[in-house]
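FYI, it's all coordinate maths here, none of it is from the lab. Computed from a prediction, not measured in an experiment: that's the story for all the values here. Heads up, the Cβs are rebuilt from the backbone with ideal geometry, glycines too, and the neighbour counts pull from every protein chain shown.
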Amino acid sequence: MMRGRRRPAVAVLAAVGAVVGAAAFATAGVAGPARATAVPAGAVTYATAGLTGAAPAGAARTLTVPAAGTRGALPGRAGYPPFEAPGKTLKLGAKGGAVKALQVRLKELGYMPGSADGRYGGATLTALWAFQKVQGITPTSTVAARTWRALENPRAPRVLVPRGKATRVEVDLTKQVMVLYRSGVPVLISHISSGSGVPYTEYAVWNGKRQVFSGSARTPTGDYKTTWRARGWHRSYLGQLYNPIFFNGGIALHGALSVPLYPASHGCVRLPMNVAEILPGMLGKGVPVHVRGAFRR
């Protein structure tokens, strides 16, 4: 157990010029820091503050809102439900209560570790990587003191488009992380693998004949919108895409069996399979997708 920083059961959230809370979203059972919202001063319910869903387990069901509460960005580490880390060092393949506590906390913060079954497998690993990258920790499969401390005092993802629409996707190529915002709240944060940047030449049978395809394997930065999608495995001339959601021509957010800790795709944004399974139900058509940054090898 990480000692010396016990938190009260009832969170009183106040910040200069902003109000933040944490809301457990009914959709997909994900949770994250609530967007700062202009509400009257005093004690208000989650619904009053515009935070849909039930209050997270262990968190206050009312918020004390300062008179200066204004609409704005999440300030630092405030606004998350309290958590006491087990403190036990975990490695891939571990089982037990400490693993379940990790999974529950990751899901509570908007990361997707799969089922909270107490088994440390691939889905939990990729969720952990996403969390570590957002916290500025070099991603690793080992959960040790620094990661547990960050889980107790988590940072929100860095907002790439401060004036973006309340519902949007931000793809951070530098950190290799994708964030889905709904109503201004980061409700899904995922590890990704984007375009490798390495020129490619591929041969494939397409439209009934063998053809050659070449390109730069780059995920272009810019501002786009989700367009068409396919359900299940979709065959393209560069490979198989799971539940692709296209946003820039032939470039899509999609599930893949390989999502390594470095850019490896032909240009698409690869997602862990468990994330790609739920994303289509959370992300509609015409939603802004903002791609920023550059990966440094």
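A few notes on this one:
- Here the calculated FRET efficiency for Phe213 and Gln240, from their Cβ-Cβ distance with R0 = 22 Å, stands at 0.90, rounded to the nearest 0.05.
- Simple spin-label estimate for Trp233 and Val159 in nanometres, 7 Å along Cα-Cβ: 4.2 nm
- Order by protection proxy (mean Cβ within 10 Å, highest first), peptides 154-166, 238-250, 118-130: 118-130, 238-250, 154-166
- Of Lys100/Lys165; Lys95/Lys133; Lys133/Lys225; Lys100/Lys225; Lys91/Lys165; Lys133/Lys209, those spanning more than 32 Å from alpha-carbon to alpha-carbon: Lys100/Lys165; Lys100/Lys225; Lys91/Lys165; Lys133/Lys209
- Residue order for Tyr80, Tyr262, fewest other beta carbons within 10 angstrom first, comes to Tyr262, Tyr80.
- Ser258, Ser193 arranged by Cβ crowding within 10 Å, fewest neighbours leading: Ser258, Ser193
- Set of aspartates and glutamates with alpha-carbon distance to Lys107 below 14 Å, sequence-local pairs under 8 removed: Asp117, Glu152
- When each of the peptides 136-148, 265-277 is scored by how many other beta carbons lie within 10 Å of its residues on average, the order from highest to lowest is 265-277, 136-148.
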